[in-house]
Structure formats: C-alpha cells, structure tokens
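See below for the structure under consideration.
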Amino acid sequence: MRMRACVFCASSVALALLGDRAWAGAFMQDDGGFQLIQTLRFTSSATAFGPNGKIAPLPLYQKYELQTYLEYGATDWLTLIAQPTVSRIAVVDNPSGFAAGLTSIEAGARMKLKQVEGIIFSAQATLKIPTARDRSNPALAGNTGEELDVRLLAGRSFELAGMNGFVDAQAGYRFRRDGPPGEMRADLTIGFRPLPRLMLLAQSFNIIAASSGQPGFPSFRQHKVQGGLVWEYSQGVSLQSGLFTTIASRNARREHGFISAIWYRF
C-alpha cells in the first residue's frame, strides 16, 4: 500500500509540472483525497528550429510561471482538477512583447476506465480559458484562445532491481481556438525510487500539429525531455526540482528551463 501511494504521488507531481500542457498521470485520487502543487517554472529561448530542422536565432523570449495545481477525489473513480497560472512573459527585444498577471485557468476531470493486471487506464478532459487575450501582443502569440485537451492515460507501478518505480503514458489531442492549429500529444514518464524518500524522474513530451491555415501558424512539431527528482520532505509534503530542454523541433522555439515545486497531499 505504501509503495502504491508513493508511486502515485510522484507520478502526479511529475506530470503536473512541465505544466500547462501536461496534467497528472493515469492514477486516481482516493475518494475525498486532496492534493495541491505549487510550481515555479522558468523558460528561456533565443533560437528556433526552422522548417528544415536547422537552428536559427530569434529575439530572446523569457517566461516565469507560477501555477497552482489542485486535485480532488470526488469518488474513487473520478478526480476533479484545476490549475490557474500567473505568468511574466517578455520578448526582450520588443517593448510591446510583455505580459504579466493571471494568464489562464484550466479545469476538468479524470475518470478511471479499467484496471487490468496492475495497469490503470483512465480518460481525461480539461478546458483552458485564457484571461489574457491581446492578439497583438507578441508575448501572448498563440495563447489567447480557449483550448480543450482530451487524452487517454495508462499507468503501472513495478519493482526492478530492488527499486520501486512506475511508468505513465498519455496520448491525446488539444483543440485550440483563435489561430493556432490543434495538437496531437504523446507524453511518457518513468520514475524510480533508489532511496525510500527519493524519486528520480525521466520524461518525454511530444507535440505534432498540422497547419491551421491562419497566418503565422504553420505546421510544427516539438519534442522535449525533462529530468528531475522528488524528495519526500515529510509525510504529505514533498519538494521537486528539474531541468528541461527541447531536443528536436520544426517551426518551433528551442526552449530550456527549470522547475521547482512544493506539493501537499491530504
């Protein structure tokens, strides 16, 4: 029971943190269970992968995000989720490319579908409502319309070489309004616990999108990886840190950054 609880907590934190596009894993909250994750993420980019995949310079883009991720077990098969995001975004060489404040609120639910031989299958849908809608602001390009994310998830805990671990896989589609194309998404997280209170994480986040036909929104793809750790500071309180980078893309920025978080489980 303790292994399952620890694995669930680590996977929930890991998948909530690369943030506005990745939510908690396939595992469910217990009936009446509550989780809160406070995440600070910094992203920087000064280059992009062009149409042929080659790297080219761009004006420096920097973003700080503070996200409050909330999860509540309405029943043992239905988990409610919400995430408001406060951001500070700047395109350094463009005075008009700046935005700060509450930029979006996302909410939805995850439903358990089935459990087969230790593998949990679930489905999830979330709706993202932007609160910053100035399409002329370069700092908000592509993020001023509503977005609906639907996905299927599968997760399993296991033991390997004496270490407890878990794997979580997700596949879905994000419908986007106000210009940008819809996105096919595939995410994978693997975690191992080499020490009783330490979880090591490796993650992959992948997006493929066809052109929307709108000016400035061509087809693109982006592939990110993230590594990090979760330290169980005390019962119900853990700390996470990690680094991420874009390893390959087409018509998309090459992003690097870090995350740090503290989360509580009741």
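The values are calculated or read from the model by the stated rules, or taken from the named source; none is laboratory data. Computed from a predicted structure; not experimentally measured. Using ideal geometry, Cβ is built from the backbone for each residue, glycine included, and neighbour counts are taken over all protein chains shown. Side chains are part of the model used for accessible areas, which takes the heavy atoms of the whole protein and leaves out ligands, DNA and RNA. Shrake-Rupley method; radii C 1.70, N 1.55, O 1.52, S 1.80 Å.
Pull out all pairs, ordered by first then second residue, where Cβ-Cβ is under 8 Å, the residues are six or more apart or on different chains, the first lies in segment 116-141 and is touching a residue at least 60 places away in the same chain (Cβ under 8 Å), and the second is polar (S, T, N, Q). Once the first residue is touching a residue at least 60 places away in the same chain (Cβ under 8 Å) and sits in segment 116-141, its partners that are polar (S, T, N, Q) give Phe121/Gln115; Lys128/Ser104. Taking every residue in segment 246-257 that is open to solvent by 70 Å² or more (accessible area, probe 1.4 Å) and pairing it with any residue that is of a type in the set (Ser, Thr, Tyr), at least 6 positions away or on another chain, the pairs with Cβ-Cβ distances below 7 Å are Arg254/Ser45; Arg254/Thr47; Arg254/Thr246; His256/Ser44; His256/Thr245.
Hey, can you tell me all the residues within segment 142-166 that are among the small types (Gly, Ala, Ser) and open to solvent by 60 Å² or more (accessible area, probe 1.4 Å)?
If we filter segment 142-166 for residues that are among the small types (Gly, Ala, Ser), which is where we start, we get 142, 145, 154-155, 157, 161-162, 165.
Passing the criteria: Ala161, Gly162.
For segment 72-110, name all the residues that are among the β-branched types (Val, Ile, Thr), surrounded by fewer than 18 Cβ atoms within 10 Å (Cβ to Cβ) and at pLDDT 95 or above. Let's see the steps before the verdict.
Step one: filter segment 72-110 for residues among the β-branched types (Val, Ile, Thr), giving 75, 79, 81, 85-86, 89, 91-92, 103, 105.
Imposing the further condition that a residue be surrounded by fewer than 18 Cβ atoms within 10 Å (Cβ to Cβ) reduces the set to 75, 86, 92, 105.
Across segment 72-110, the qualifying residues are Thr75, Val86, Ile105.
Taking strands (runs of 3 or more DSSP E) that do not extend beyond segment 21-133, which have at least 1 residues that are in contact with a Gly (Cβ under 7 Å, 6 or more places away or on another chain)? Steps first, answer last, please.
Numbers: elements: 34-49, 55-73, 78-91, 98-116, 119-130.
Once the strands (runs of 3 or more DSSP E) in segment 21-133 are filtered for at least 1 residues that are in contact with a Gly (Cβ under 7 Å, 6 or more places away or on another chain), what remains is 34-49, 55-73, 78-91, 119-130.
In segment 168-191, the residues that are under 20 Å from Ser122 (Cα atoms) form Cβ pairs under 8 Å with partners that are at pLDDT 95 or above and in a loop (DSSP other than H, G, I, E, B), at six or more places apart or across chains, as follows: Tyr173/Gly182; Arg174/Gly182; Phe175/Gly182. Tell me whether segment 60-71 contains one or more residues that are open to solvent by 30 Å² or more (accessible area, probe 1.4 Å), among the charged types (D, E, K, R) and over 26 Å from Leu40 (Cβ atoms). So far as segment 60-71 goes, no, none of its residues is open to solvent by 30 Å² or more (accessible area, probe 1.4 Å), among the charged types (D, E, K, R) and over 26 Å from Leu40 (Cβ atoms). The selection criterion, being within 27 Å of Gly32 (Cα to Cα), without any contact (Cβ under 8 Å) to a residue 60 or more places away in the chain and either more than 19 Å from the chain's Cα centre (by Cα) or open to solvent by 30 Å² or more (accessible area, probe 1.4 Å) (or both), holds for Leu239.
From Tyr233, Tyr264, which residue is more than 27 Å from Phe49 (Cβ to Cβ), out of contact with any His (no Cβ under 8 Å at 6 or more places or on another chain), touching a residue at least 40 places away in the same chain (Cβ under 8 Å) and of a type in the set (Ser, Thr, Tyr)?
One residue alone meets the criteria, Tyr264.
Annotation for segment 197-207: at least one member residue is aliphatic (A, V, I, L, M), surrounded by 15 or more Cβ atoms within 10 Å (Cβ to Cβ), touching a Gly at 6+ places or on another chain (Cβ under 7 Å) and farther than 26 Å from Ser44 by Cβ.
Output the residue which, of all residues in segment 121-141 that are over 25 Å from Leu188 (Cα atoms) and not hydrophobic (A, V, I, L, M, F, W, C), is surrounded by the fewest Cβ atoms within 10 Å (Cβ to Cβ).
Of all residues in segment 121-141, those over 25 Å from Leu188 (Cα atoms) come to 129-141.
Pick out the ones that are also not hydrophobic (A, V, I, L, M, F, W, C) and you get 130-131, 133-138.
On the way: Pro130: 20, Thr131: 13, Arg133: 13, Asp134: 12, Arg135: 12, Ser136: 8, Asn137: 18, Pro138: 17.
Per the criteria, the residue is Ser136.
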